[in-house]
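As structure tokens, the structure follows; a few thoughts come after it.
We did not get these values from a lab; they are worked out from the coordinates using the rules stated. Since this is a predicted model, take the numbers as computed values, not measurements. Every residue, glycine among them, receives a Cβ derived from its backbone with ideal geometry; neighbour counts consider all protein chains shown.
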Amino acid sequence: MARYVVIGAGIVGLATAHRLTLDRPGARVTVVDKEPCVAAHQTGHNSGVIHAGVYYKPGSLKATLSRAGSASMVAFAREHGIPVETCGKLIVATAADELPRLTALFERATANGLPVRMLSPAEASEYEPHVSALAAMHVASTGIVDYTAVCEVLARLIADGGGRIRLGAAVTGFRHGVVETSTGDIPADFVINCAGLQSDRIARLAGIRPGARIVPFRGEYYELREDRRHLVNGLIYPVPDPRFPFLGVHLTRMIDGSVHAGPNAVLATAREGYSWRRFSARDLAEVAAFPGMWRLARRHLGYGLTEVRRSLSRPLFARSLARLVPEITEADLVPAEAGVRAQAILPSGELVDDFLIESRDGQVHVLNAPSPAATSSLEIAKHIVAQLGAISPN
């Protein structure tokens with residue numbers, strides 16, 4: 001009877017453990033996480049978007065698993081009574097120089113086999129009456145869901161399938177056939193590292209030397225005051241600038257009816273640094289010692305300074321949103337909970353732009369799984385379990 005230990009009780013770890021209980025009946029499946037609850041970090045601070053797969057290079061894991069995942073996540077939510085909505089989204093061009101980029105994005109989305117349509121300003125206003133657009137692209141298969149609720153269901157299904165979830169158990173080391181934790185040893189023939197913000201550290205602890213390093217970027221959000229939620233019907237995104245590493249602030253109607261605005265992207269002062277007040281000397285020292293971070297910073301210095309200014313200035317944040325919906329003002333914004341993105345960066349300073357999953361005998365390490373990992377989680381789980389079939393146990 002094979003013994004599997006999944007490290008990390010976020011949505012990718014839980015989806016993988018659930019898939020193991022389905023595909024490996026009789027196996028011993030254990031999930032371990034240092035936190036006292038599931039979905040404590042990236043998953044629990046997620047915007048709740050079910051991404052269609054618009055932005056990703058055709059043929060990449062992100063493109064293929066996101067497209068499949070947007071369908072399987074909606075089906076899973078409906079099967080288990082989790083509120084979900086396929087609301088679609090608009091990607092809007094607000095300036096003339098964005099029009100060629102919007103056309104290129106339409107061509108990429110079409111190459112990825114997605115249901116997209118180019119819209120005139122009048123057609124865009126039928127979806128979002130308050131939007132400002134020279135042109136827009138409608139992505140029909142984008143949706144919204146509560147990913148924490150998904151994790152709670154996955155945790156129940158794991159238990160129903162004979163698996164165990166050990167919370168409050170930090171992984172401290174590895175021996176042959178054993179995962180050492182702060183609450184005792186766990187026998188393991190196979191280890192699956194889905195530790196998100198700590199994934200590269202877990203890999204190094206297990207004897208892997210990943211080429212990429214996790215660097216945490218905090219995404220800060222506001223939400224619209226309740227009496228201003230009517231300004232946004234669904235999801236409104238800007239056209240991304242390929243010169244910069246992130247999408248830019250956008251507007252997202254959540255499954256509970258609230259409307260979140262953001263995120264920006266600033267270097268977090270701790271791996272789990274959800275505010276400027278959260279500080280870790282160890283985490284910052286690691287970032288400072290990593291050449292890839294300095295190369296990234298030099299390449300995007302102006303962009304990074306703009307993000308910091310937007311972090312410190314609600315008026316600037318509001319002006320960024322007003323490019324999409326001109327009626328939004330600073331007075332409409334209420335601070336909301338931030339998230340931290342676990343982004344893998346190469347020594348060259350390039351962001352790893354696809355999911356990065358490495359395996360060796362007895363081990364699979366998920367070393368880059370930022371957005372759209374929540375969307376793709378059920379499909380990532382299938383991918384991981386397929387890899388397990390090709391490697392030998394510890």
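Data table
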{"read-out": "Fewest-first sequence of Tyr56, Tyr274 by Cβ atoms within 10 Å of each Cβ", "value": "Tyr274, Tyr56"}
{"read-out": "Residue-span extension gain [Thr110 to Asp227] - 0.36 nm each, minus C-alpha spacing", "value": "38.4 nm"}
{"read-out": "FRET efficiency, Ala96 to Ser313 (Cβ-Cβ, R0 22 Å, nearest 0.05)", "value": "0.25"}
{"read-out": "Which of Leu65, Leu114, Leu205 has the fewest Cβ neighbours within 10 Å, and the rest in rising order", "value": "Leu205, Leu114, Leu65"}
{"read-out": "Tensor-based shape of segment 58-124 (alpha-carbon gyration tensor, a/c under 1.5 rounded, otherwise prolate or oblate)", "value": "oblate"}
{"read-out": "Efficiency of FRET between Glu126 and Arg156 - r from beta-carbon atoms, R0 35 angstrom, step 0.05", "value": "0.30"}
{"read-out": "Theoretical FRET efficiency, 1/(1+(r/R0)^6), r = Cβ-Cβ of Ser280 and Glu79, R0 41 Å, to 0.05", "value": "0.55"}
{"read-out": "Relative contact order (percent, whole number), the chain, Cα cutoff 8 Å, 6+ residue spacing", "value": "24 percent"}
{"read-out": "Rounded to 10°, Cα long-axis angle of helix 147-160 versus longest principal axis of the chain", "value": "20 degrees"}
{"read-out": "Whole-number percent relative contact order across segment 293-394, with pairs defined as alpha carbons under 8 Å at least 6 apart", "value": "20 percent"}
{"read-out": "Three-way shape call for segment 89-139 based on the alpha-carbon gyration tensor, with the a/c threshold at 1.5", "value": "oblate"}
{"read-out": "For Asp189, Asp332, Asp241, Asp160, order by how many other beta-carbon atoms lie within 10 Å, fewest first", "value": "Asp160, Asp241, Asp189, Asp332"}
{"read-out": "Solution diffusion estimate, µm²/s, Stokes-Einstein, segment 288-368, Kirkwood Rh from C-alpha pairs, 4 °C, viscosity 1.567 mPa s", "value": "82 µm²/s"}
{"read-out": "Surface/4 of the Cα convex hull for segment 126-226, nm²", "value": "12.0 nm²"}
{"read-out": "Spatial extent of segment 208-348: Rg and Dmax, with the Cα atoms as the point set, Å", "value": "16.2, 52"}
{"read-out": "Cα-only Debye scattering, segment 1-44: base-10 log of I(q)/I(0) at q = 0.21 Å⁻¹", "value": "-0.63"}
{"read-out": "Per-q log10 I(q)/I(0), segment 1-99, q = 0.10, 0.21, 0.24 Å⁻¹ (Debye; single scatterer per alpha-carbon; no solvent)", "value": "-0.40, -1.26, -1.33"}
{"read-out": "Under 5 Å, built H, 5+ apart or other chain: amide partners of His250", "value": "Gly262"}
{"read-out": "Angstrom value of the Kirkwood radius, inverse mean 1/r, which spans all Cα pairs in segment 22-168", "value": "17.5 Å"}
{"read-out": "Where only C-alpha atoms are counted, convex hull volume of the chain per residue in Å³", "value": "131 Å³"}
{"read-out": "Distance from segment 174-204 to segment 56-105 (C-alpha centre basis), Å", "value": "33 Å"}
